[in-house]
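The values are calculated or read from the model by the stated rules, or taken from the named source; none is laboratory data. This is a predicted model, so every value here is computed, not measured. Cβ: placed from backbone, ideal geometry, glycine included. Neighbour counts: every protein chain shown.
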Amino acid sequence: RAKARGRDRSELFDDRMRAEATRLLDLEADLRRAILKDAFEPAFQPIVRLQDGSVVGHEALLRWNHESRGVLAPGEFIGVGEDSGLIEQVDWLLYSRVCGWMARHGEGYVSINVSPRHLRSDDFAERLLRMLDDAGADPRRLRIEITEVALLDDAPRALRLFNILREHGVLVLLDDFGTGFSALSYLHRFPIHALKIDRSFVSGLDGEMHAESLALVRAILALAGTLGIDAIGEGIETARQREILLELGCAYGQGYLYGRPVPEPAAPGKPAPA
Ligand code: C2E
Ligand code: MG
Ligand code: MG
Ligand code: MG
């Protein structure tokens, strides 16, 4: 009996594995088709000065106009994109849209998210600069967001890439800071312009994890202060979170409190509609 039950269970498990494998293969095939159709577009979320809520720029976030499922956020497909390598092509299509948008909208910073895969390519910086130039977009308005883990992958190569970009005015932001087992000794070696404090710490500021989050955010801000770099609080949803961040000395922020990602955001300068 036990044996029979065991077999049933493993068959069930196999079925589920097969279904999941099929789902991922379908998604990958969809993604390939979407690349041919250029079915991606940026949604822009405001980044504000916490003091007065004025918009200093936007983060461009990837959206996929799926033929049957509607608009998909990266959480639904980025894993497949990374595993298959297709994310590189998707990113280039998106960056091209972002450059076009920058050329049409003359103000404010725009940050793009960069897959760790790009840091392993030899001509990422050159290709990005060429794309900006072709579109007539000012590189000094562009920032790239990368995660801590991506840095550790191939540090010398990443450093070379950042230096080329920085020579042209493209700044580097460290995304989701605090979640990636930061190798602190590495930080000061890279030309990092700002740390983005991960949403998990920000949302904890007025939740159950208040004390822990407060301590962590304070430590991250002290680190940023020591390195002389800016900090941007991510995922600010409440006035209380904004208030605490401001008290702790975080100058910039982003989150639903200030605005959700949208295809055509309001121009920088004005306060974001809260
Ligand atoms: P991220 O770079 O940390 O982006 C912030 C994510 O948090 C976005 O989700 C944004 O919509 C969401 N968010 C912002 N404010 C709030 C808030 O107040 N509350 C909550 N609950 N969420 C908030 P999104 O757009 O789904 O992007 C998820 C992740 O996908 C990004 O995290 C980034 O790692 C990745 N990603 C986004 N765009 C691109 C891209 O163009 N290329 C690559 N390679 N990755 C991208
Ligand atoms: Mg980001
Ligand atoms: Mg982030
Ligand atoms: Mg994130």
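Worth a mention:
- For the residues Leu245, Leu195, Leu227, Leu187, the requirement of being aliphatic (A, V, I, L, M), modelled with pLDDT under 95 and buried (at least 19 other Cβ atoms within 10 Å of the Cβ) singles out Leu187.
- Verdict on Val149 being outside any strand (DSSP E or B), within 16 Å of ligand 4 (Cβ to nearest atom) and over 18 Å from the mean Cα position of the chain (by Cα): no
- Here Ser203 meets each of (1) of a type in the set (Ser, Thr, Tyr); (2) outside any loop (DSSP other than H, G, I, E, B); (3) closer than 17 Å to Ile146 by Cβ with one exception, condition (3).
- Output for the stretch 204-244, where each listed residue is closer than 24 Å to His58 by Cβ and of a type in the set (D, E, K, R): Asp230, Glu234, Glu237, Arg242, Glu243
- Flag if Gly6 is modelled with pLDDT under 95 and either in contact with a helix residue (DSSP H, G or I) (Cβ under 7 Å, 6 or more places away or on another chain) or more than 16 Å from ligand 4 (Cβ to nearest atom) (or both): yes
- Flag for Arg157 being over 17 Å from the mean Cα position of the chain (by Cα), at pLDDT below 95 and away from ligand 2 (no atom under 16 Å from the Cβ): yes
- Criterion violated by Arg160 - all others in (1) farther than 18 Å from Arg218 by Cβ; (2) within 15 Å of ligand 4 (Cβ to nearest atom); (3) free of Cβ contacts under 8 Å to residues at least 40 places away in the same chain satisfied: (2)
- Scanning the stretch 214-242 for residues that are within 16 Å of ligand 3 (Cβ to nearest atom) and among the polar types (S, T, N, Q) turns up just one, Gln241.
- Helices (runs of 4 or more DSSP H) wholly inside the stretch 17-131 that include at least 2 residues being within 16 Å of ligand 2 (Cβ to nearest atom) and modelled with pLDDT under 95: 116-119
- Filter result for Leu128 (over 18 Å from the mean Cα position of the chain (by Cα), crowded, with 20+ Cβ neighbours inside 10 Å and either farther than 30 Å from Glu243 by Cα or without any contact (Cβ under 8 Å) to a residue 24 or more places away in the chain (or both)): no
- Considering only residues in the stretch 209-266 that are assigned to a strand (DSSP E or B) and touching a residue at least 60 places away in the same chain (Cβ under 8 Å), the one that is nearest to Arg199 (Cα to Cα) turns out to be Gly233.
- For Leu161, the conditions (1) touching a helix residue (DSSP H, G or I) at 6+ places or on another chain (Cβ under 7 Å); (2) over 30 Å from Ser200 (Cα atoms); (3) crowded, with 17+ Cβ neighbours inside 10 Å all hold with the exception of (2).
- Here is the figure for the stretch 48-82: residues that are touching a residue at least 12 places away in the same chain (Cβ under 8 Å) and touching a His at 6+ places or on another chain (Cβ under 6 Å) total 0.
- Any chance Leu171 is in contact with a strand residue (DSSP E or B) (Cβ under 9 Å, 6 or more places away or on another chain) and either touching a residue at least 24 places away in the same chain (Cβ under 8 Å) or not aromatic (Phe, Trp, Tyr) (or both): yes
- On inspection, Asp83 passes the criterion of being away from ligand 3 (no atom under 16 Å from the Cβ) and either under 27 Å from Gly249 (Cβ atoms) or acidic (Asp, Glu) (or both).
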